[in-house]
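Working notes for the structure below.
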Amino acid sequence: MHFKLITAAESARFDEFMSAAPHGHIFQSYAWGEVKRPTWEPLRAIAEEDGAIVAAASILKRKIPMLGRSFFYLPRGPVLRDWEDTRVFTLFVDYLKQLAAEHRAIFVKMDPCIPSEATVKSLMDRNGFRSVGEEHVFGGLQPRYTYCLDISGDLEEIMSRFPKKIRYKIRYGPKKGLAFEHPGEEGLDSFIEVMKETGSRRDFVIRNPAYYEKVYRILSRQGAIDLVLGRYAGEVITAGMTIAFGDKAWAIYGGQKNDHRNLYAYHAMIWERIKWAKSKGARWFDFFGVPGHVSEDHPLYGIYYFKKSFGGQFHAFIGEKDLVLSPFHYFLWNRLFDTGRKAMLQAVRLRRNSRDWFQHHDKAFGGSR
């Protein structure tokens with residue numbers, strides 16, 4: 001088996017493997033690595049056998065201040081042609097260890113896009129990985145739980161599979177005058193305004209405008225992203241970004257303003273996003289994150305119920321796993337740097353509450369997803 005890092009010249013071949021693999025993900029695509037620059041440095045590794053790629057990973061390298069070290073993160077990776085071939089995973093991990101040593105990485109973090117199954121967990125345990133505590137109910141850096149909708153068949157078939165109440169809500173807004181548009185980059189300002197209002201209402205951390213613009217600009221080169229706006233009485237009241245890669249699509253960012261909530265505009269926008277996903281050849285539509293199975297008294301039950309109500313399948317991924325290569329530095333990272341990181345995030349939240357930071361000149365804060 002042959003291992004190597006690829007250059008941009010092989011990006012198409014890399015993405016072809018990623019998009020065709022059963023557990024491939026947009027976060028493992030070549031383009032997503034470009035989205036994460038310069039906060040992260042992307043390294044793309046492949047394993048070849050008989051001239052074919054059998055495993056690959058988009059590795060995000062991040063330097064750790066003061067330590068002169070780094071760590072590796074494989075968002076939704078690695079991707080294997082066949083996870084049942086345990087030999088491939090073991091050999092690929094050995095290569096990751098060598099690469100990590102070259103880059104002075106103290107640990108390798110991964111959260112493959114695979115179900116939480118005993119056999120895979122055992123495989124990762126045997127190769128030295130340890131489970132990481134979840135930072136919040138959604139999981140760690142990526143959502144651990146989600147609902148995925150089967151969107152095979154034509155649009156009429158998909159609509160017929162929805163519960164009756166969902167079909168009613170999807171159709172209600174458009175009957176009352178709600179209209180959708182796909183304006184491309186010109187719609188970014190309206191999208192950001194919707195996200196700003198949604199974030200203030202829900203009190204969750206959302207991205208700065210520069211990040212949304214970067215995501216759209218890079219992924220739009222490959223036609224892998226759609227920006228949709230829902231307009232009512234001349235005003236944009238809902239907006240979303242959907243991404244597609246291979247046979248999957250993700251409702252990655254979206255929101256709704258406070259006015260006209262009675263129109264079920266977000267339900268109708270989900271249908272718009274599904275239609276776009278179908279046009280890109282997607283078989284699965286991922287609602288992108290729920291807080292696990294929660295009861296009605298849970299503060300996030302509304303999010304859970306909304307995504308569940310469309311009739312998709314609940315998925316629980318294996319979660320974050322760390323391969324510790326330097327126990328001493330890993331201890332420092334978790335105990336000292338983690339405290340500083342959380343303090344920084346809290347300071348950012350306080351700053352967002354004190355001023356309108358959604359100005360296009362604010363480029364200071366970057367994220368990990």
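Coordinate-derived values only; no laboratory data. What you are looking at is a predicted structure, and each value in this text was computed from that prediction instead of being measured. Every residue, glycine as well, gets a Cβ built from its backbone with ideal geometry; the counts of neighbours run over all protein chains shown.
If one puts a single equal scatterer on every Cα of the range 139-200 and applies the Debye formula without solvent, what log₁₀ I(q)/I(0) results at q = 0.13, 0.20, 0.24 Å⁻¹? Summing over Cα pairs of the range 139-200 leads to -0.67, -1.14, -1.04. When a/c is below 1.5 the answer is rounded, else prolate if a/b is larger than b/c, else oblate, so apply that to the range 252-338 with a ≥ b ≥ c taken from the square roots of the Cα gyration tensor eigenvalues. It is prolate, given that a/c is not under 1.5 and a/b is the larger ratio.
For the range 18-119, applying the loop criterion from DSSP together with a ceiling of 16 other beta carbons within 10 Å to the GluC sites (Glu not before Pro) yields E84, E117. For Y253, the amide hydrogen comes within under 5 Å of the amide hydrogens of M241, counting only partners 5 or more places away or on other chains and with H modelled in the peptide plane.
Shown here for the range 231-287: chymotrypsin sites (Phe, Trp or Tyr not before Pro) in loop regions (DSSP other than H, G, I, E, B) with at most 15 other Cβ atoms within 10 Å, of which there are none. At a Förster radius of 41 Å, what calculated FRET efficiency corresponds to the Cβ-Cβ distance of Q222 and D82, to the nearest 0.05? So the FRET efficiency works out to roughly 0.95. Helical content of the chain, expressed as a calculated mean residue ellipticity at 222 nm, amounts to -11000 deg cm²/dmol (DSSP H runs of 4 or more residues, -39,500 (n - 2.57) each, divided by residue number, nearest 500). Here is the list for the range 262-336: GluC sites (Glu not before Pro) lying in DSSP coil, each with at most 12 other C-beta atoms within 10 angstrom of its C-beta, are E296. Going from the fewest other Cβ atoms within 10 Å to the most, the residues H23, H293 appear in the order H293, H23.
Annotation for the range 89-149 versus the range 289-304: alpha-carbon center distance of 25 Å.
Computed from Cα atoms, the angle from the helix 265-279 axis to the main principal axis of the chain rounds to 60 degrees. In the range 145-316, the DSSP beta bridges split such that about 90 percent are antiparallel, to the nearest 5. Between A233 and K308, the modelled label-to-label distance comes to 3.4 nm, taking each label 7 Å out from Cα in the direction of the beta carbon. Given springs between every Cα pair under 10 Å in a Gaussian network model of the chain, which of P291, P38, P174 has the largest fluctuation? Top of the fluctuation ranking is P38. All alpha carbon pair distances within the chain were sorted into 20 Å bins beginning at 0; the resulting P(r) in whole percents reads 27, 59, 14, 0.
Charging the Cβ of each Asp and Glu at -1 and of each Lys and Arg at +1, and nothing else, the dipole of the range 145-316 about its Cα centre rounds to 360 debye. Fewest-first ordering of K61, K321 by other beta carbons within 10 Å of each residue's beta carbon gives K61, K321. Relative to the Cα centre, the charge distribution of the chain, modelled as +1 at Lys and Arg Cβ and -1 at Asp and Glu Cβ, gives a dipole magnitude of about 960 debye.
Considering only I237, A224, F287, and ranking their Cα positions along the charge dipole of the range 145-316 that arises from unit charges at the beta-carbon of Lys, Arg, Asp and Glu, the one farthest toward the positive end is F287.
Rounded to whole numbers, the Karplus 3J(HN,Hα) couplings from phi for the range 155-170 are 4, 5, 5, 4, 4, 5, 7, 6, x, 4, 5, 5, 4, 4, 5, 4 Hz, using 6.51 cos²θ - 1.76 cosθ + 1.60 with θ = phi - 60°, and x at Gly and Pro.
On the beta carbon distance between S200 and D50, with R0 = 41 Å, the FRET formula returns roughly 0.15. Between the range 161-203 and the range 208-247, the alpha-carbon centres lie 12 Å apart.
Going from the residue with the fewest nearby Cβ atoms within 10 Å to the one with the most, L300, L96, L5 rank L5, L300, L96.
Ranking A251, H23, G77 by Cα position along the charge dipole of the chain, where only Lys, Arg, Asp and Glu carry charges on their C-beta atoms, puts A251 farthest toward the positive end. Each Lys and Arg Cβ is given +1 and each Asp and Glu Cβ -1; about its Cα centre, the range 233-332 then shows a dipole of about 420 debye. Here r is the Cβ-Cβ distance between K176 and S152 and R0 is 22 Å; the resulting FRET efficiency, rounded to 0.05, is 0.10.
Shape of the range 145-316 from its Cα gyration tensor (a ≥ b ≥ c, root eigenvalues): rounded if a/c is under 1.5, otherwise prolate when a/b > b/c, or oblate? Verdict is rounded for the range 145-316. For the pair D259 and A118, label points projected 7 Å from Cα toward Cβ lie 5.7 nm apart. For the chain, give the share of DSSP beta bridges that are antiparallel, in percent and rounded to the nearest 5; count only bridges with both residues there. About 90 percent, rounded to the nearest 5.
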